[in-house]
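Novice: The structure that follows is given in the form of structure tokens.
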Amino acid sequence: MKKQKEIGITLIALVITIIVLLILAGVSITVLTGEDGILAKAKLAKERSEQAEQEENDILKQYEELLGTYGKELPENTIDTEAGTIVKMPNGWYTTTPNEVETKEGNVVIPSKKIANVYATSDGKGNTIPVPYGFYYVGGTLISGVVISDNQSDKNKYKGMEDVPAGVVYNSDGTVNKEQCELQGNQFVWIPCSKSDYAKIDFGDSYKNANSGWDHFTNPAEYGQIKKYGGFYVGRYEAGTSEIILANHVKFENASTGMTVNGWDWQNKDFASNKVESGKITSKAGEIPYYHADFTTAMEMSKNMYDTEYVISGLITGTMWDRMMNFITTDQSSYSDLKSTSWGNYNNNTTVTYIAGQGRYLPFDLNNGSITTRATVADASYHSGIRTTASSEGVKKKNLYDMAGNLWEWTVESAYISTTNPVDTMQNLRGGSLIHNYSERPVCYRGCDNAFNGSTHYGFRPALFMM
């Protein structure tokens, strides 16, 4: 009897052991082969690694091809050279570095080695334009503004054309159809400038241009790329974000007239406390402007856009802004067209047609961006509201958009730095905003605010700094 009991216990233990082993085997298979399993994660990591390696190889291949290492002989740029053609570079665009070579005898030979962080493109008018590796010529000329993009599908899309449209495609409800937009990448515009011209401008201190007489200092560190390349790249649009999406279509009633206005509200209305802290900004048409940005956010988001051995990004400087003004004006003696013309921001420009879905043109709380109870009729003479970037061709100058609105744009310079209280540090703001018309704040106006403040009508614009 005792023997039978021992055998029974042994069989039960064996069965339990087999069941446990089967369970463990099942768990192991799941861990290995499931959607979140080890093998799946390993495959994803491999794919991401291969993608990053491929992107790096693409840039290196572009670099080698453009230097002619595949037997190419790059042509000279002439007045007859087709726009978008890769041409020979000026010697000044190369950097000469020592290249140490050790011989069998132990001697060290140091021949010169020329490297480049850009390649040269013709604008079709005989002008040679530097383009950073990883970017492509889209269109435009030296005079009208050369446009480049970081997306290869945009390459030569408008080559030889003076005017380069934003290429944004809207759906019937006014929202952007991103898949059908003509240009897919982030875009920048070349601003030609010599070192002697690279300085801030005194636009005068009259009522319409108040404060433009102060801040005339240019950081010598900015002269490097100006002397080397004869210009610089700035974002074609206000910094935008795809992180905020348009909410459902809504209607608002004007309290004074009873008229109904169609419009779009935006999610994350309280943008002051819900800023996009991750991801990257965009420089594209049809984006929600990165509004409610304080100075620190503007600096960080601009810096995080690009960081390669060929080019880095950063916040636009005040000198860059002034040279943009010099580039777009038709009156370089007094800049009268920038001071007194009706060309202002999106809200007071008569050429802008307001369409539901292309932004918000209703009153809002300046503290947090939320809409108030009173709406402004869409065809009124003055509107307060934020439009999507490049909402109208009527506000474009020299292939640049959004300079006189939607938003005040932070620049690097400090207007006033407190030695005792960091909270009192004041940073410069440039351009028009959605709450001011041109008669109060023209595009050349200089304003300032506390660096820690963010407001519905504060934004920024990135720039590229070539090595």
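The values are calculated or read from the model by the stated rules, or taken from the named source; none is laboratory data. The structure displayed is predicted, hence computed values, not measured ones. As a convention, Cβ positions derive from the backbone with ideal geometry for all residues, glycine included, and neighbour counts pool all protein chains shown. When the accessible area is computed, the model is the full protein with side chains, heavy atoms only, and any ligands, DNA or RNA have been set aside. Shrake-Rupley method; radii C 1.70, N 1.55, O 1.52, S 1.80 Å.
Novice: Assuming Ile86 fulfils every condition listed in (1) loosely packed, with under 13 Cβ neighbours inside 10 Å; (2) within 30 Å of the chain's Cα centre (by Cα); (3) of a type in the set (Val, Ile, Thr) apart from one, which condition is it?
Specialist: (1)
Novice: Here is a follow-up. Within region 126-158, track down each residue that is part of a loop (DSSP other than H, G, I, E, B) and of a type in the set (S, T, N, Q).
Specialist: Within region 126-158, Asn127, Thr141, Ser144, Asn151, Asn156 meet the criteria.
Novice: How many residues are open to solvent by 80 Å² or more (accessible area, probe 1.4 Å), farther than 26 Å from Thr297 by Cα and at pLDDT below 90 when one looks only at region 203-257?
Specialist: Going through region 203-257 one residue at a time, the tally reaches 9.
Novice: Pairs needed: first member in region 389-408, within 17 Å of Thr329 (Cα to Cα) and touching a residue at least 24 places away in the same chain (Cβ under 8 Å); second member anywhere, in a helix (DSSP H, G or I) and of a type outside the set (Asp, Glu); C-beta distance under 6 Å; at least 6 residues apart or different chains.
Specialist: These pairs meet every condition: Lys397/Ile328; Lys398/Phe327; Lys398/Ile328.
Novice: Another question, if that's okay. Taking the condition open to solvent by 20 Å² or more (accessible area, probe 1.4 Å), at pLDDT below 70, farther than 23 Å from Val146 by Cα and not in a helix (DSSP H, G or I), does Ser414 pass?
Specialist: no
Novice: Can I ask one more? Taking region 160-202 as the search range and keeping residues that are in contact with a Leu (Cβ under 7 Å, 6 or more places away or on another chain) and in a strand (DSSP E or B), which one is surrounded by the most Cβ atoms within 10 Å (Cβ to Cβ)?
Specialist: Top of the filtered list is Phe188.
Novice: Tell me which residues, restricted to region 118-131, are within 14 Å of Tyr233 (Cα to Cα) and modelled with pLDDT under 95.
Specialist: Within region 118-131, the subset within 14 Å of Tyr233 (Cα to Cα) is 118, 129-131.
If the condition is that a residue be within 14 Å of Tyr233 (Cα to Cα) and modelled with pLDDT under 95, then Val118 is the only one that fits.
Novice: Is it the case that some residue within region 148-170 is within 30 Å of Asn219 (Cβ to Cβ) and either over 16 Å from the mean Cα position of the chain (by Cα) or not β-branched (Val, Ile, Thr) (or both)? Break it down stepwise before answering.
Specialist: In the first step, residues of region 148-170 are kept if they are within 30 Å of Asn219 (Cβ to Cβ); the result is 148-150.
After this cut, where a residue has to be either over 16 Å from the mean Cα position of the chain (by Cα) or not β-branched (Val, Ile, Thr) (or both) as well, the list is 149-150.
Within region 148-170 (the criterion being within 30 Å of Asn219 (Cβ to Cβ) and either over 16 Å from the mean Cα position of the chain (by Cα) or not β-branched (Val, Ile, Thr) (or both)), the answer is yes, since at least one residue qualifies.
Novice: Still on this structure: List the pairs whose first member sits in region 11-31 and is modelled with pLDDT of 70 or more, whose second member is not in a helix (DSSP H, G or I) and not polar (S, T, N, Q), and whose Cβ atoms are under 7 Å apart, counting only residues at least 6 apart or on separate chains?
Specialist: Every condition considered, no pair remains.
Novice: Now for a different question. If we keep just the residues of region 171-202 that are within 18 Å of the chain's Cα centre (by Cα), under 30 Å from Thr81 (Cβ atoms) and among the hydrophobic types (A, V, I, L, M, F, W, C), which is modelled with the lowest pLDDT?
Specialist: Among them, the one singled out is Cys181.
Novice: Given the structure, is Asp150 acidic (Asp, Glu) and touching a Leu at 6+ places or on another chain (Cβ under 7 Å)? First the steps, then the outcome.
Specialist: Values: acidic (Asp, Glu): yes; touching a Leu at 6+ places or on another chain (Cβ under 7 Å): no.
No; evaluated as a whole, the condition is false for this residue.
Novice: While we're looking at this one, here's another question. What are the pairs, 6+ residues apart or on separate chains, where a residue within region 229-249 that is of a type in the set (D, E, K, R) has its Cβ under 8 Å from a residue that is at pLDDT below 95 and part of a strand (DSSP E or B)?
Specialist: Glu238/Pro289; Glu238/Glu409; Glu238/Gly459
Novice: Can you name every residue in region 259-302 that is within 19 Å of Gln187 (Cβ to Cβ), open to solvent by 10 Å² or more (accessible area, probe 1.4 Å) and either of a type in the set (D, E, K, R) or at pLDDT below 50 (or both)?
Specialist: Matches in region 259-302: Lys280, Lys284.
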